[in-house]
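A.B. asks: First, the structure itself, so that you have it in front of you.
A short reminder: the numbers here are calculations on the coordinates, not readings from a lab. As the structure is a prediction and not an experimental result, all values here were calculated from the model. Backbone-built Cβ (ideal geometry, glycine too); neighbour counts: all protein chains shown.
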Amino acid sequence: MLTLVAMPKPFDGHIGVIQRNAITSWTLLRPRAEIILLGNEAGVSEISAELGLRNIAEIRRNEKSTPYLDDIFGKAQEAAAQPVVCYVNSDIVLTSDFMRAAAGAAAWRGQFLMAGRRWDIDITEPIDFCRANWEERLRDDVATRAKKRSVSWVDYFVFPRGMYQEVPPLLLGRMWWDNWLVWKARDMNVPVIDASPRVRAIHQNHGYAHPGGFFGIWQSEEGQWNERLVGGGAHARTLRDANYKFGRFGIRPNIEGAIDKWWRSLRPKKKSGAATAGKTA
């Protein structure tokens with residue numbers, strides 16, 4: 001049913017540990033998903049061979065070696081063998097609730113975008129997936145000490161293969177690209193489903209390699225490139241703009257999001273900036 005696609009960073013140090021945790025969790029999803037890892041960063045071909053995953057090594061990049069979103073989504077959708085595709089950041093652990101939600105969304109409509117907020121947690125060691133109750137233990141840990149991020153932090157996107165045909169050359173991990181994906185779905189009149197009430201996407205905290213850290217990414221030349229491509233935020237949306245969400249009995253209209261948007265529209269306008277920009281992985 002599902003093809004999972006990700007573009008990992010080099011498997012070095014702590015980022016290597018958490019990426020292995022994330023990717024291993026995907027291999028345990030049932031029904032088993034097809035998994036495609038993009039890029040030729042250190043360790044990607046090795047973990048692909050070890051876990052029996054597909055690897056597409058060549059992805060178009062800029063002069064700083066930052067990958068372009070249009071090439072990622074083009075090659076991912078062309079290569080996917082399954083009718084539903086999920087692009088997910090390679091530090092996100094997924095559990096059984098994700099597959100149930102993806103199956104529900106695919107059965108609900110022919111066209112859709114399912115996305116959701118993430119829960120941030122510090123994980124520094126390999127997860128012991130050999131333990132029969134690893135998922136239950138991890139979810140209990142997340143409930144105890146993880147931080148739920150706002151509607152701007154979107155780390156997975158589930159959609160029918162072929163839906164994203166026209167993608168601008170946004171740079172992955174340089175702000176705005178995730179919010180553009182939400183905007184594009186709404187612009188095409190595709191229902192956007194906020195899966196946050198159903199899916200607990202577990203983001204393993206890590207540092208940022210950019211010299212200026214997180215806000216350095218936003219202020220960088222690459223960050224400004226992305227901002228120009230989304231019209232300074234005009235072509236960017238958050239999960240507040242999702243017109244559907246998972247409720248107790250399935251997918252329903254996102255009444256809370258509509259009320260929140262209306263309430264915010266009554267407030268004095270703020271200047272656009274980092275607070276409203278798309279977030280990095």
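A.B. asks: Quick one: among Leu51, Leu69, Leu172, which has the greatest mean-square fluctuation in a GNM of the chain with alpha-carbon springs under 10 angstrom?
C.D. replies: Ranking Leu51, Leu69, Leu172 by mean-square fluctuation puts Leu51 first.
A.B. asks: How much length, in nm to one decimal, is gained on full extension between Arg109 and Ala81, taken as 0.36 nm per residue of separation minus their Cα-Cα distance?
C.D. replies: Gain in length upon complete extension: 8.1 nm.
A.B. asks: Would you list Arg20, Arg30, Arg228, Arg117 from fewest to most Cβ contacts within 10 Å?
C.D. replies: On the way: Arg20 19, Arg30 7, Arg228 11, Arg117 22.
With the fewest neighbours first, Arg20, Arg30, Arg228, Arg117 line up as Arg30, Arg228, Arg20, Arg117.
A.B. asks: Moving to a separate point now. With charges set only on the Cβ (+1 for Lys and Arg, -1 for Asp and Glu), what does the dipole of the range 2-265 come to about its Cα centre, in debye to the nearest 20?
C.D. replies: That gives a dipole near 1000 debye.
A.B. asks: With Cβ to Cβ distances under 11 Å as the rule, what net charge do the other residues near Asn226 carry (K, R +1; D, E -1)? List each step's numbers first, then the result.
C.D. replies: Details: positive: Arg174, Arg228; negative: Asp178, Glu221, Glu222, Glu227.
Around Asn226, the charge tally is -2.
A.B. asks: Let me know the Kirkwood hydrodynamic radius for the range 130-252, please, with Cα pairs as the basis and the value in Å to one decimal.
C.D. replies: The Cα-based Kirkwood calculation yields 16.5 Å.
A.B. asks: In a Gaussian network model over the chain where Cα atoms closer than 10 Å are linked, find which of Lys147, Lys184, Lys261 has the largest mean-square fluctuation.
C.D. replies: Comparing Lys147, Lys184, Lys261 in a Gaussian network model of the chain, the most mobile one is Lys261.
A.B. asks: Once the Cβ-Cβ distance between Ala132 and Glu50 is put in as r, and R0 is 30 Å, what FRET efficiency do you end up with, to the nearest 0.05?
C.D. replies: Approximately 0.85, to the nearest 0.05.
A.B. asks: Among Gln111, Leu181, Gly162, whose Cα lies farthest out toward the positive end of the dipole of the range 2-265, if unit charges sit on the beta carbon of Lys, Arg (+1) and Asp, Glu (-1)?
C.D. replies: Highest projection toward the positive end goes to Gln111.
A.B. asks: Determine the distance separating the Cα centre of the range 102-146 from the Cα centre of the range 41-66; give it in Å without decimals.
C.D. replies: Taking the Cα centre of the range 41-66 as reference, the centre of the range 102-146 is 24 Å away.
A.B. asks: I need the phi-derived Karplus couplings for the range 245-254: 6.51 cos²θ - 1.76 cosθ + 1.60, θ = phi - 60°, integer Hz, Gly and Pro marked x.
C.D. replies: 7, 6, x, 4, 10, x, 7, 9, x, 8
A.B. asks: Run the numbers on the chain and let me know its relative contact order in percent, using alpha-carbon pairs under 8 Å that are six or more apart.
C.D. replies: Numbers: 530 pairs, mean separation 59.4, N = 281.
Relative contact order here is 21 percent.
A.B. asks: Once you've got the Cα coordinates, tell me which of Lys64/Lys184; Lys64/Lys148; Lys147/Lys245; Lys64/Lys147 are over 29 Å apart.
C.D. replies: As for pairs spanning more than 29 Å Cα to Cα, those are Lys64/Lys148; Lys64/Lys147.
A.B. asks: P(r) tail for the range 81-149, what percent of Cα pairs lie past 13 Å?
C.D. replies: 73 percent
A.B. asks: On to the next question. Top mean-square fluctuation among Gly13, Gly223, Gly43, Gaussian network model of the chain, C-alpha springs under 10 Å?
C.D. replies: With Cα springs under 10 Å in the chain, the top fluctuation among Gly13, Gly223, Gly43 is at Gly13.
A.B. asks: I would also like to ask the following. Would you work out which of Val5, Gly223, His235 lies farthest towards the positive end of the dipole of the chain? Charges go on Cβ: Lys and Arg +1, Asp and Glu -1.
C.D. replies: The listed residue farthest towards the positive side: His235.
A.B. asks: Tell me what the chain gives for mean residue ellipticity at 222 nm when only DSSP H runs of n ≥ 4 count, each as -39,500 (n - 2.57), the sum divided by the residue total, rounded to 500 deg cm²/dmol. Before the final figure, lay out the partial values.
C.D. replies: Working: 9 runs with 97 residues, N = 281.
-10500 deg cm²/dmol, from helical runs alone.
A.B. asks: For Met163, Met188, Met114, Met7, which order do you get if you count the other beta carbons within 10 Å of each Cβ and list the fewest first?
C.D. replies: Going from least to most buried by this count: Met188, Met163, Met7, Met114.
A.B. asks: Next up: Rg to Rh ratio, the range 2-265, alpha-carbon atoms and Kirkwood radius? Show your work: numbers first, answer last.
C.D. replies: Numbers: Rg = 17.5 Å, Rh = 18.8 Å.
Here the Rg-to-Rh quotient is 0.93.
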